[in-house]
Amino acid sequence: MKFWHIARNDLKILSRDIPSILYLFITPIIVIAIASFALSGIWNASTAVFRIPVVQLDSGDMAEEFMSHLRQVKALKLETSYIENGRRYPMNEIRARRMIKERKAAIIIPRDFTSRIRQGQLATIIVLQDPADRVVPSVVADITRSIISRFATMSTSIQASQEAVRVIQRDIQLQGGSVDPRPALRRAADVADAMVDDPPVTVTLKEASSGQRKITPFEANVPGYAVMFILFGTTGAAGSLLQEKEEGTIRRLLTMPVSRASILGGKMTASFLQALAQAIILFAVGHLVFGMWLGKDLLALALVILATCVAATGLGMLLAALCRTRSQVTGISVLIVLAMSSLGGSWWPLYIVPEWMQRVAHITLTAWAMDGFNALLTYGGEISDVVVPVAVLLGMGAIFFAVALSRFKLE
């Protein structure tokens, strides 16, 4: 029975070790919950609703019928108008293109859609797509194809019937009297077969912006995982600071003419430089080894990296101020970093998660950092496009450091 006493003693020690409990139980539960909510649309199609701008340039009966079927699709929430200066306007192509970055896709019904179907000519529905995304536009295009297949059948019937009538009229003019309908039927069947091979109503996918470069997975993955590992590095530095406190290194510094702000500032500077070096190396490897695009504004990219490192360093110092021991900060930091990474967009793009999660995500520095990186690396933005993310990240870093300075006890 001695083994049982040893086991019971170890379990008692574990029960008093809050970081270990967090790591073993609470952290995986939180990460599983966040991932399940974020990816709920993949497993339950009824919860995945895409808000799609629709530009209806044709008011004919075929366009109206197409819109009627489109409104019945539960996976789509159609935006056929917009509000500007307190007035509502019909959705237009210029507005739809501006919304592509957020909505990922848009549908355009050309002016001649109805007339072309009525005349048996090629009719096209245009689906504008975000060049950075292939999921939402593909879903929208597949839904559109399933609807217009009915119109393709109608157009095929019209064209085949018209061809049959032409053949019969020709035979009457040539032969007079009774006419054998079989040549006309064969000709109609040939026309129908040809139109099945080359459908008269099609869906065309077009890039929303011309000249857009091809996006690779590295433009999203390198920044996302860089932010996560920067957070692990800065929270690890917080653990080292508490270890120095436990071992008395900080106490010895207090015997010297050094202020508390200088001590914490020096520790924060070291942590910041470590995070900055880590970010530079990861982005350099992403560019040189994997061919990741660094955007067209390197100064803007540098600002986002610097602001991210400031915010992450401030968070690490805050954890050092709020936790008492290194073991505590270890467990809590794992929980915070994994939760922020899954919630804030390090593991998957935020646009695939429900809207309420997108709003909640922006309580994290990860979401703001990814907003900045996506604006530059995915959409080719400039410094004006990252002013807000940079300002928020710097503000977070300043608040974290101010609280850490007021709460950290050196002894």
Residues of segment 80-94 satisfying the condition of being of a type in the set (Gly, Ala, Ser) and either in contact (Cβ under 8 Å) with a residue 24 or more places away in the chain or surrounded by 10 or more Cβ atoms within 10 Å (Cβ to Cβ) (or both)
Ser81
Counted residues, segment 61-89 - those being within 19 Å of Pro137 (Cβ to Cβ), in contact with a strand residue (DSSP E or B) (Cβ under 6 Å, 6 or more places away or on another chain) and not charged (D, E, K, R)
3
Can Trp368 be described as open to solvent by 40 Å² or more (accessible area, probe 1.4 Å) and in contact (Cβ under 8 Å) with a residue 60 or more places away in the chain?
no
I'd like the full set of residues that are buried (at least 21 other Cβ atoms within 10 Å of the Cβ) and at pLDDT below 85, limited to segment 332-349.
Ile332, Ser333
Given (1) open to solvent by less than 50 Å² (accessible area, probe 1.4 Å); (2) assigned to a helix (DSSP H, G or I), index of the condition Gly381 fails:
(2)
List pairs: first in segment 283-312 and over 21 Å from Val392 (Cα atoms) and modelled with pLDDT under 95, second part of a loop (DSSP other than H, G, I, E, B) and of a type in the set (D, E, K, R), Cβ under 8 Å, 6+ apart or cross-chain?
Trp293/Arg213; Lys296/Glu382
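The values are calculated or read from the model by the stated rules, or taken from the named source; none is laboratory data. Given the structure is predicted, the values throughout are model-derived calculations rather than measurements. Neighbour counts run over all protein chains shown; Cβ positions are idealised from the backbone, glycine included. Protein only, heavy atoms only, side chains kept; ligands, DNA and RNA dropped before computing areas. Shrake-Rupley method; radii C 1.70, N 1.55, O 1.52, S 1.80 Å.
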